[in-house]
1. Name the residue farthest towards the positive end of the dipole of the chain from the options Asn325, Val402, Ile133, assuming +1 on Cβ of Lys and Arg, -1 on Cβ of Asp and Glu, about the Cα centre.
2. Rank these residues by their accessible area, most exposed first, probe 1.4 Å: Thr479, Thr73.
3. Tell me what the chain gives for mean residue ellipticity at 222 nm when only DSSP H runs of n ≥ 4 count, each as -39,500 (n - 2.57), the sum divided by the residue total, rounded to 500 deg cm²/dmol.
4. Give, as a single signed number, the net charge of other residues whose beta carbon lies under 11 Å from the beta carbon of Leu583, with Lys and Arg counted +1 and Asp and Glu -1.
5. Just order 409-421, 253-265 by mean Cβ neighbour count inside 10 Å, highest at the front, would you?
6. Once phi is turned into ³J(HN,Hα) by the Karplus curve 6.51 cos²θ - 1.76 cosθ + 1.60 with θ = phi - 60°, what whole-Hz value does each residue of segment 205-212 show in order, with x for glycine and proline?
7. Arranged from highest to lowest average of other beta-carbon atoms within 10 Å per residue, in what order do the peptides 353-362, 533-542 appear?
8. Within the set Lys254/Lys550; Lys88/Lys111; Lys251/Lys468; Lys169/Lys213, which residue pairs have Cα atoms separated by over 23 Å?
Amino acid sequence: MKNRNKINCCAALLALSMAWQPGASMAGPIVTAAESTSVQAIQQKGVQRTITGLITESNGDPVIGASVLIHGTTRGTTTDIDGKYTIKASDGEVLEIRYIGFISATREIKKGISSINIRMEADEISLDDVVVIGYGQQKKESVVSSMSAIGPAELSVKTRSLANNIAGKVSGLIAVQRSGEPGWDDAQFWIRGVSSYAGGTSPLVLVDGVPRKMNDIDVDEIETFAVLKDAAATSVYGAEGANGVVLITSKRGKSQKTVINMSAQYGVASPTRLPKLMDSYNYLSLFNEATWNDNGNPSVGFVAPVSDNLLEMYRNGTDPDLYPNANWMDMLKDHTSNQRYTINFRGGGDRVRFFVSGAYYTEDGIYQKNEGAVFDSNVKFERYNLRSNIDFDLSKTTRMSVDMSGQYINRVAPSKTADNIFSGMTLMPVHLIPLIYSDGTPSEHPDSDNSGLRQNPYNFLYYSGYSKSWEATVQSKVTLEQDLEFITKGLSVKGTVSFDARSGQYINRTMSAHSFYATGRNADGALIYQQRNAGSALSNPSGASSEGDKKIYLEASLNYKNTFNEKHEVTGILLYNQKERQLQNASSGINLLPYRKQSVVARFSYGYDSRYMLEGSFGMTGSENFASGHRWGIFPAIGGAWFISHEEWFKPVEHVINKFKLRASY
């Protein structure tokens, strides 16, 4: 209204000045047609009116939190939960709509139009076209190093351990799982084989850029999983990248209406194969035959160690206490079960975006339950996961991320290890003693000792006690990024601080069975026992221990990325980081001191017209583990690529070979 009054006032003064021109007639104001039209145009352009509309995606869903601006001004608003907006504008002004992940759209406000609906188009460069590399991201077509990347779809088999999940899904990765015991079944894996028989062979694992363990990350938290293989890819990590590098990126928020995902999973797992034990009759029969062979296969005078009458007692099973047929595999179930429940929230607006996730996983062991026991001897594993990733746009040029995550793990297992139990099951003869006598008395080997070879594995499982362990991990990271466009386009600086803490506790409660060996039956038919072990009751917690560590990670980098004349793409990074790890309750004094490492990293890349790429990098790593003067090492690398399928002369064969790229690195 103020603008309108100003224009009307100006028009009146203009008309008055014209009317009082010297020599002009007082009969009326003198205003030319051209001047009159100009004044009317000024009046019409300055009038602001209400413009409304709806912003949607290509599929018709509303775009929530999109920025609606008047181009060249500071006036603006955002769309509501239904994708609608309302703004004041004048005819001729330009409406501009911006939203992360979509191409910005503009519309001119024309006379008589009061409603403008816009359907946004997704940005051509999607997540599939961008891959995670060391200390950054890069367009997939610009990568000159050897790497493999998989996404959530390839990780859809949601087992507990991520190392077990990736086996067979990433080229160049070899994984070996040596145990199936819940909580201790993590696969050991190598990238491009075992690189050393004397030193460490495990790859470096980075979760959101910070060195961390990966096995207890919930699969639904993962956005990308990348494996760096050759020197051009891993040189920026210096000596730590010698065995390859695994980069895991967790999911982050999006500028969208909050999306809630829930899942519930129940799984059944069965052993691939188990030993099938021979029954007592056939076992002893073959024992007789083996003894006969050892004696030179005599035709006369041979007396078998097990008589035919005794063999018959085992065959007909008339007295399973004295003539047992112990199938030690009966201690195992046919299958185990696992359950997994997850819920996550993902969304945000133009300035704040969030991803929040929670998960619970539990898995049982394969041991049968003993109904008469005072505790459950089966293995049990439970894990709780929490994650919160929040991104803030503090200004148009300043961004901050605050990440928090944690895992809580609870394990229960027999006091005897799985190796002890399974060794006993496979080595214990089937004819000596039953698993347990029919009257509930624990049985024991007639010549029992403490070697584990002459002890009843049933007692190992159900009468040895149990152990419990708890492990809690808290991980945090804060990142601040500032664009330096006022210095030059594409320049930015970034800083990261991370603090992780892990604490573990362990207790063990032991006991031993009051066990016997039956030598026969008395006149009343009751078993005659010889005591083999006096036994002991379930003890108070013993063997308790606690351990843990804390980790501090600091990183600062100067980044540059720009494209000149739409053909020359230049990127660079100069980075410094340092890390510290300190153990708790270590065995010796020197182990209580913190371990520290420092690194300086540089990388430069150039790409021309998406056809020719060149990249050079180096990592300089320093460690206090070495003597003074030998603590730093420099690891340079260079790589190049030629995207042949992007050449003009290649287009006639694109329908046969759609992508053809040559690369080399040293």
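The values are calculated or read from the model by the stated rules, or taken from the named source; none is laboratory data. This one's a predicted model, so the numbers in the text were calculated from it and none came from an experiment. We place every Cβ from the backbone using ideal geometry, glycine too, and count neighbours over all the protein chains shown. Areas reflect the complete protein model, heavy atoms only, side chains present, ligands, DNA and RNA absent. Shrake-Rupley method; radii C 1.70, N 1.55, O 1.52, S 1.80 Å.
1. After comparing all options, I get Val402.
2. Sorted descending by solvent-accessible area, the residues read Thr73, Thr479.
3. Estimated from H runs of four or more residues: -3500 deg cm²/dmol.
4. Charge balance near Leu583 sits at +2.
5. Ranked from most to least packed, the peptides come out as 409-421, 253-265.
6. With the stated coefficients, segment 205-212 comes to 10, 10, 10, 6, x, 10, x, 8 Hz.
7. Taking the mean over residues of other Cβ atoms within 10 Å, the ranking is 353-362, 533-542.
8. From the list (Lys254/Lys550; Lys88/Lys111; Lys251/Lys468; Lys169/Lys213), the Cα-Cα distance tops 23 Å for Lys254/Lys550; Lys251/Lys468.
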